[in-house]
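The values are calculated or read from the model by the stated rules, or taken from the named source; none is laboratory data. Just so it is clear, the model here is predicted, and its values are computed rather than measured. Please note: Cβ atoms are built from the backbone with ideal geometry, for glycine as well, and neighbour counts cover all protein chains shown.
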């Protein structure tokens, strides 16, 4: 961090030297600020008609002097001061007020969103002396909707308030207010947020799926927040008041990450990350992160990286930690413009190389398809919503051991096996990556080579988990994606899976309504009607 922050234009050399001399001063830990330092910055502020601020660490060392304007100061990037989960930043901000006013709404917003230890404002008399010092700190428990406590104004001779003990007491209360984060767990701990104009039931269903995605990615979910609005804020998506509430929630729960259920555009990502000092990702990035974890083959890894970089490029911004989960720090807070441009150029070059590699994969797939067509083997592709039971069905049909887990996107890389029907008809059956509602466009583009595998299918098996309360909406999501991929012309069989978990009368109603075949994918004895239907369709 620069020692002197803000414009010094128009200041005399002697005034600049006086500002620079402040770095060598220390403030005893029991004081908000010493009378001598309060007198010095009040006098300087009165002379130059600008606000002056100090950032002070817990050892009492002045880390940064800020020169503002008449109305306020701009706190610089303080991301190098890493706050542990559930803790405050370890910095207090002391600044002058030229208008003889107490702590403002902007002061309190900075206090909460930046997780400062303390915010203090020194009012100045007409002859440039310190008048009163107004002090505020975060409230561990919100009281009547307030997140901050403002102390009674202090006179310049009453600045010994046991400052360090006060800060530690606040942190202790924060720890007791919620669950302590176990730093040794090695997991991210997230607050899930949805900001929507949709009905509450739809929003809650989407949040529930976001929670499944987070758990599937190995993230601990600390809390969920839903804000329904008539109109979504185009700049911040979420209201600033709610963002303050979330900051307190982050502190209480030791959260290290915020995940938005809605996709954030680059401008929103920057605006939010400028206001709140925590990693921020959205639903799309979370899905990309899961894919990055699960990709095993070279093809899968290439496609995931391509999708990530295409999503990252417009979001490479100077003040954002939002990408650090996916990029190992690219786009972190505060790089210089030159460094930022280097990152952008490297990302663009990498996208070009990956695009060429993916085209090569596409060419290889066409060759594989041509060989299969030469052998005359029909191809059956298993599709469906993620975690519907596709891999389980492939394993049961072909007696193979494709990885099966009860979590979203357990299968990423396609698997193909041979299947022989009772009447000695042989086919290739393929398990594909699961679909999900609002499948990120970047994944649709990057996995085009994989999805094109479906174009050569003679039959699609749409596996549907009828035990899921939202299976009808999931049917619509999957078949909408099929339409987007122009695969509506391929014969499709709806396979109603997990019949053992649903009442028989309800199953019969679903079979009639969706013209499907009911099975239990892990029970071979239930598959004969499906095998007969498959054989009839591929032999026709």
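May I ask you to list the residues in segment 124-142 that are farther than 22 Å from residue 76 by Cα and assigned to a strand (DSSP E or B)?
Within segment 124-142, 124, 130, 131, 132, 133, 139, 140, 141, 142 qualify.
Criterion first (at pLDDT below 90 and in contact with a helix residue (DSSP H, G or I) (Cβ under 9 Å, 6 or more places away or on another chain)) does residue 84 satisfy it?
yes
Let's see how each residue does on (1) more than 29 Å from residue 276 (Cβ to Cβ); (2) touching a strand residue (DSSP E or B) at 6+ places or on another chain (Cβ under 8 Å); (3) at pLDDT below 75; (4) surrounded by 13 or more Cβ atoms within 10 Å (Cβ to Cβ):
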{"residue": "330", "(1), (2), (3), (4)": "no, no, yes, yes"}
{"residue": "337", "(1), (2), (3), (4)": "no, no, yes, no"}
{"residue": "340", "(1), (2), (3), (4)": "no, no, yes, yes"}
{"residue": "350", "(1), (2), (3), (4)": "yes, no, no, yes"}
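Does segment 51-60 contain any residue that is touching a helix residue (DSSP H, G or I) at 6+ places or on another chain (Cβ under 7 Å) and either farther than 17 Å from residue 134 by Cβ or without any contact (Cβ under 8 Å) to a residue 24 or more places away in the chain (or both)?
Yes, segment 51-60 has at least one match.
May I ask you to verify whether residue 218 is part of a loop (DSSP other than H, G, I, E, B), surrounded by fewer than 17 Cβ atoms within 10 Å (Cβ to Cβ) and touching a helix residue (DSSP H, G or I) at 6+ places or on another chain (Cβ under 7 Å)?
No.
Report, ordered by the first and then the second residue, all pairs with beta carbons closer than 6 Å, sequence separation of six or more or different chains, a first member in segment 417-432 that is free of Cβ contacts under 8 Å to residues at least 12 places away in the same chain, and a second member that is exposed (fewer than 15 other Cβ atoms within 10 Å of the Cβ).
Matching pairs, first to second residue: 420/426.
So how many residues does segment 466-483 have that are crowded, with 21+ Cβ neighbours inside 10 Å and touching a helix residue (DSSP H, G or I) at 6+ places or on another chain (Cβ under 9 Å)?
The number of residues fulfilling the criteria is 1.
Here are the criteria: (1) crowded, with 20+ Cβ neighbours inside 10 Å; (2) assigned to a helix (DSSP H, G or I); (3) at pLDDT 85 or above. Tell me which single one residue 429 does not satisfy.
Unmet for residue 429, out of (1) crowded, with 20+ Cβ neighbours inside 10 Å; (2) assigned to a helix (DSSP H, G or I); (3) at pLDDT 85 or above: (2).
How many of the residues making up segment 30-50 are surrounded by fewer than 15 Cβ atoms within 10 Å (Cβ to Cβ) and touching a helix residue (DSSP H, G or I) at 6+ places or on another chain (Cβ under 9 Å)?
2
What is the residue count in segment 511-526 for residues that are surrounded by fewer than 19 Cβ atoms within 10 Å (Cβ to Cβ) and in contact (Cβ under 8 Å) with a residue 24 or more places away in the chain?
Adding up the residues that qualify gives 5.
Go through segment 454-496 and count every residue that is within 32 Å of the chain's Cα centre (by Cα) and under 16 Å from residue 526 (Cα atoms).
Number satisfying all stated conditions: 4.
Run residue 109 past the list (1) out of contact with any strand residue (DSSP E or B) (no Cβ under 7 Å at 6 or more places or on another chain); (2) part of a loop (DSSP other than H, G, I, E, B) and report the number of the one that doesn't hold.
Every condition holds for residue 109 apart from (2).
Which of (1) crowded, with 22+ Cβ neighbours inside 10 Å; (2) at pLDDT 90 or above does residue 90 not meet, given it meets every other one?
(1)
Scan 377, 408, 412, 393 and give me the residue that is part of a loop (DSSP other than H, G, I, E, B) and at pLDDT 80 or above.
Step by step, each of 377, 408, 412, 393 is checked, and only 377 is part of a loop (DSSP other than H, G, I, E, B) and at pLDDT 80 or above.
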